[in-house]
Amino acid sequence: MEYVQSTACYVMVEAGSRYESAEHQGAAHFVEHMLFCGTPRRSSVRALTGEVDAIGGLFNAATGKEATRYYVKVASEYARQGLDVLADMIRNSLFDPGEVEREKGVIVEELRAKFDAPSDYVDEYFEWLIYGDSPMGRLRICTEETVTAATRETLVDFVDRMYEPSRLIVGIAGRHDESLIAAVEELFGDLEGERAPGPDPIPPTNGRRVMLDTKAVDQAHLCLGMRTYPIGHPDEYVVELLSTILGGGMSSRLTEEITMQRGLAYSIYSVAAAHTDVGSMFAQSGVNVDKVDDAIGAIVAEFRRIAEEPVGADELEKARNYMKGRFAFSIETPQGLIRTALYDEVLEGAAREPEAVLAVMDAVTAGDIQRVAQDILGGGLYLSIIGPFEDAESFEHLISS
């Protein structure tokens, strides 16, 4: 991307929370923290992060269900140095026992901050509903019990098992030359290790349709949705477009009905989340506790309507343009472009050209939308809700008809 002045260097590892046991829940996220805590060459958090700050870089990481990403974005003249920092932390982190104990406190506070904001975790309750007590259904971050019980050996074992060459991909985007590609080979080319087994398949759900967290809050938070399809499914982008029609943008169906017409919520949006072997779509919102039944009923009605009535040509084209625009925006920066490509590479086995993605979006028809809506609704609806309520069963009739 010769028109930019920066370079984004990413390392994506096919090692997320679904590769953990229940006993070691949160290990992937804990490892992410520890990789910022020092190496023999950069012996502390301050030394590691300070070096990136000194060259004006951005430096961060994130742990997901199936992959963890580490990145540094710098002015292109410092790209080699930024890449060296990434390689050093991934290959040579010390996992100092004292730092492990200190970082436990940091993660516990991160967990507590998360649970102070219902909108930050109601979606994870939804995942527990549809994926059950499996690594895909458990909290990505940890529990206080598992993070407190973690040891240096637990974390080092996770790295030794999962951070091996076939699961690790380096990505570069922005302004750079061939010398930086050569540096990738120099810094990572001698990695060794054998591929660990893949994750266990996701079991059937436990039969529950409603997950209620009784909490004294002024606003109820909810996720309402269904199971869909995995990454790579022929209808993956049909689900994306269906989700956009329902809850993408200020003129979407759910925003129009729930906020503008009924005044039940400040905002509402829809999410389509696909993984390598499972997927989901859900609407998320915070609503007045006294009107939560009305909101649930209205959301369900919109789900039913899109399955029963074909989407009009104008609405379909508007939603398609919205989705294509957001995709274009997401890849116009070096970090956005390489992040998208790496997720494709890690989770699907090959990065797709943007033109190919746009072509698939263009091919979706109104008939596809209705067909898929009918199919995924056939599996039933699931509701996670946080609010001052006592009886989960009182919500079941709202989503069962």
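The values are calculated or read from the model by the stated rules, or taken from the named source; none is laboratory data. Bear in mind that the values here come from a model prediction, so they are computed numbers and not experimental data. Note: ideal-geometry Cβ built from the backbone for every residue, glycine included; neighbour counts use all protein chains shown.
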Inset, instruction - Inspect all residues belonging to the range 68-84 and state whether any of them is touching a Leu at 6+ places or on another chain (Cβ under 9 Å) and at positive phi. - result: no
Inset, instruction - Would you mind telling me which numbered condition in (1) modelled with pLDDT of 95 or more; (2) surrounded by fewer than 21 Cβ atoms within 10 Å (Cβ to Cβ); (3) closer than 24 Å to Phe395 by Cβ Gly225 fails? - result: (2)
Inset, instruction - Could you please let me know if Val108 is over 22 Å from the mean Cα position of the chain (by Cα) and among the hydrophobic types (A, V, I, L, M, F, W, C)? - result: no
Legend entry - Top-ranked residue in the range 337-361 [being within 11 Å of Tyr10 (Cβ to Cβ) and of a type outside the set (A, V, I, L, M, F, W, C); ranked as surrounded by the most Cβ atoms within 10 Å (Cβ to Cβ)]: Arg339
Inset, instruction - State whether the residues of the range 6-19 include one that is outside any loop (DSSP other than H, G, I, E, B), modelled with pLDDT of 95 or more, out of contact with any strand residue (DSSP E or B) (no Cβ under 7 Å at 6 or more places or on another chain) and small (Gly, Ala, Ser). - result: no
Legend entry - First in the range 382-401 and of a type in the set (S, T, N, Q), second anywhere and crowded, with 19+ Cβ neighbours inside 10 Å, Cβ under 6 Å, 6 or more apart: Ser384/Val122; Ser384/Tyr125; Ser384/Phe126; Ser384/Leu129; Ser384/Met211; Ser384/Cys223
Inset, instruction - Please enumerate the residues belonging to the range 1-50 that are surrounded by 15 or more Cβ atoms within 10 Å (Cβ to Cβ) and among the charged types (D, E, K, R). - result: Glu14, Arg18, Glu20, Glu32, Arg42
Legend entry - Residue selected from the range 347-364 under the condition assigned to a loop (DSSP other than H, G, I, E, B) and free of Cβ contacts under 8 Å to residues at least 12 places away in the same chain, by the criterion farthest from the chain's Cα centre (by Cα): Glu353
Inset, instruction - Filter the range 111-134 down to the residues that are under 19 Å from the mean Cα position of the chain (by Cα) and in a loop (DSSP other than H, G, I, E, B), then identify the one that is farthest from Gly189 (Cα to Cα). - result: Ala117
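Could you pull out the residue among Ala183, Ala149, Ala216 that is touching a Lys or Arg at 6+ places or on another chain (Cβ under 7 Å), farther than 30 Å from Phe327 by Cα and of a type in the set (Gly, Ala, Ser)?
Ala183
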Inset, instruction - Enumerate the pairs (first residue in the range 182-197 and among the hydrophobic types (A, V, I, L, M, F, W, C); second residue anywhere and assigned to a loop (DSSP other than H, G, I, E, B) and modelled with pLDDT of 90 or more) with beta-carbon separation below 6 Å, excluding pairs fewer than 6 apart on the same chain, so at least 6 apart or on different chains. - result: none
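Please indicate, with yes or no, whether at least one residue in the range 122-144 is β-branched (Val, Ile, Thr), modelled with pLDDT of 90 or more and touching a strand residue (DSSP E or B) at 6+ places or on another chain (Cβ under 9 Å).
Yes, the range 122-144 contains at least one residue that is β-branched (Val, Ile, Thr), modelled with pLDDT of 90 or more and touching a strand residue (DSSP E or B) at 6+ places or on another chain (Cβ under 9 Å).
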Legend entry - Looking only at the range 143-201, and only at residues there that are closer than 20 Å to Ala67 by Cβ and of a type in the set (Lys, Arg), the one that is surrounded by the fewest Cβ atoms within 10 Å (Cβ to Cβ): Arg195
